[in-house]
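The values are calculated or read from the model by the stated rules, or taken from the named source; none is laboratory data. This structure is a prediction, so every number in the text was calculated from the model and none was measured. Here the Cβ is made from the backbone with ideal geometry for all residues, glycine too, and neighbour counts use every protein chain on show. Remember, those area values only see protein heavy atoms, side chains included, never the ligands or the DNA or RNA. Shrake-Rupley method; radii C 1.70, N 1.55, O 1.52, S 1.80 Å.
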Amino acid sequence: KQEVTQIPAALSVPEGENLVLNCSFTDSAIYNLQWFRQDPGKGLTSLLLIQSSQREQTSGRLNASLDKSSGRSTLYIAASQPGDSATYLCAARDSNYQLIWGAGTKLIIKP
Amino acid sequence: EAGVAQSPRYKIIEKRQSVAFWCNPISGHATLYWYQQILGQGPKLLIQFQNNGVVDDSQLPKDRFSAERLKGVDSTLKIQPAKLEDSAVYLCASSPDRGVHEQYFGPGTRLTVT
């Protein structure tokens, strides 16, 4: 059974710092892995989707990597801004095409 | 392109009462999902529809939860009777088809059961 873990549960950093959010999964048989952003009172916004054959994806200041063999994915945020404050969730798509979710990392960027 | 719509956005009810949530997916999307997200946790899939048929409802508490997707478009999720542990955000998502297609999420309905 696939399990997805995100550590840390919360992170607070000063504005301008580069940071890394971690996501680990127990079963390497995944189709893809997706990173989402969730703002309070709002739904989930997809940030990056990495196919199982890919090693990384980039969008603006965000870069997501995937290492299936080690069961890990990271989300790198460059030059963090207060507007980046949100909860970031990762989800692995398993062999049944279902998304298996981590509990998220709550990120606070201090001005 | 309009996104996934959900209503109501917030609902407060007492335990043992009934409640219904509505979802309108993106036009043309065949697959519709209902998730339950308890505070501090990731979403949990409750039910998945393909057009108006159920693909997966293995985690739906069928003694109190029900869902339908008439005509393969809008969907309604009902809880009857509600329990305190049902307090959560209920998220609706849609995708063009089954499989590895990206899911698009609505804003969610926050349910508080007192």
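When A:L62, A:L47 are screened for being open to solvent by 10 Å² or more (accessible area, probe 1.4 Å), under 19 Å from B:G3 (Cα atoms) and not charged (D, E, K, R), only A:L47 passes. For the stretch A:88-111, what are the residues that are crowded, with 20+ Cβ neighbours inside 10 Å and among the β-branched types (V, I, T)? A:I100, A:T105, A:I109 - these are the residues of the stretch A:88-111 that are crowded, with 20+ Cβ neighbours inside 10 Å and among the β-branched types (V, I, T). Against the list (1) of a type in the set (A, V, I, L, M, F, W, C); (2) open to solvent by less than 40 Å² (accessible area, probe 1.4 Å); (3) touching a helix residue (DSSP H, G or I) at 6+ places or on another chain (Cβ under 9 Å), the condition B:F21 fails is (3). Those strands (runs of 3 or more DSSP E) of the stretch A:2-111 in which at least 2 residues are within 14 Å of another protein chain (Cβ to nearest Cβ), considering only elements entirely within it, cover A:4-7, A:19-25, A:32-38, A:44-51, A:56-59, A:86-93, A:99-101, A:105-110.
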